[in-house]
Amino acid sequence: MKFSVFQLSRKGGREKNEDRMGYCYTREAGLFVLADGMGGHPDGEVAAQLALQTLSALFQREAKPKVPAPPTFLASGLMAAHHQIIRYASERGMLDTPRTTLVAGLMQAGELHWVHCGDSRLYVVRDGQLLTRTRDHSYIEAQANAGASLEGVNRNVLFTCLGSTVRPMFDVAGPVRLAEGDKLLLCSDGLWGSIDDDQIVGTLAAMPVGEAVPTLVEMALKAAGDHSDNVTVLAIEWETPADTGFHSSGFTETEAMSDEVFASTIQSGALDPLIDEMDEDAIERSIAEINEAIQRTKKSPS
């Protein structure tokens, strides 16, 4: 694999930054993850960090050097993250659970797969145009899709997330066959809530990701003013051409890596010893549930 990557997170006008982002990769696969801890609930930043660390740990375990089944991995990884957050709250006797959104993209074999829950987004841009983006799990998005009036609907109200006492809803999508120069962007709602899709796509298309990400973050902060949300953006360019200037900064080529090497920007065990101990029973239950659902889908009539 050959790609450029750049990530940036700013606190904005909030007391603390509850967003988390990071990526990890082997010789043949790369996982890019972003989570936005939800305000109004305790320890949103912990929920976001747990989500990243759970997916990273599973990726390290399963990418040898590729993930055997990307859709299953993403779905079961999301559910394992949800279980880890519930476990964290249960161990501490918390009356309310930490909660977070999650969006993750998996690149391998020249294809992109992704999963998301909540309103953190993934954009794919090709030849200066929006190829696809995730659709938020929010009431305002549901209203818009139904053609109903959006008057009085709060865009911040979600109907699903990780860490809730209700089983999370999520979407797994792809694959998209990647082409040289394709750009992938993951972001929290602090970005898209302040600037529109045309601005996001246009800026991402116009410059290398190392310039586009800080430009977009500053645009969002300026547009939102003193009451800006946390703004977090992670962007990747696939098969970066050799003349883009990323050889010295932000350029990654994995061909020389051996099969057992795992690299990650996601720190494990930084918050609590519990994070280091993967709940194997919860993970295996999630994997079994996802596999059963996939098999039912295959058997159902079209």
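Nothing in this text is a laboratory measurement; each read-out follows from the coordinates by a stated rule. Quick caveat, the model's predicted, so the values are computed rather than measured. So basically every Cβ, Gly included, is an ideal-geometry build from the backbone, and we count neighbours across all protein chains shown.
Note on Ala206 and Leu131: with the Förster distance fixed at 22 Å, the Cβ-Cβ geometry gives a FRET efficiency of about 0.85. Among the GluC sites (Glu not before Pro) found in region 1-88, those both in a DSSP coil and sparsely packed, with 14 or fewer other Cβ atoms within 10 Å of their Cβ, are Glu15. Take the Cα of Thr165, step 7 Å toward its Cβ, do the same at Lys2, and the gap between the two points is 5.4 nm.
Gln267 to Asp196: extension gain in nm, 0.36 nm per residue of separation minus the Cα-Cα distance?
22.4 nm
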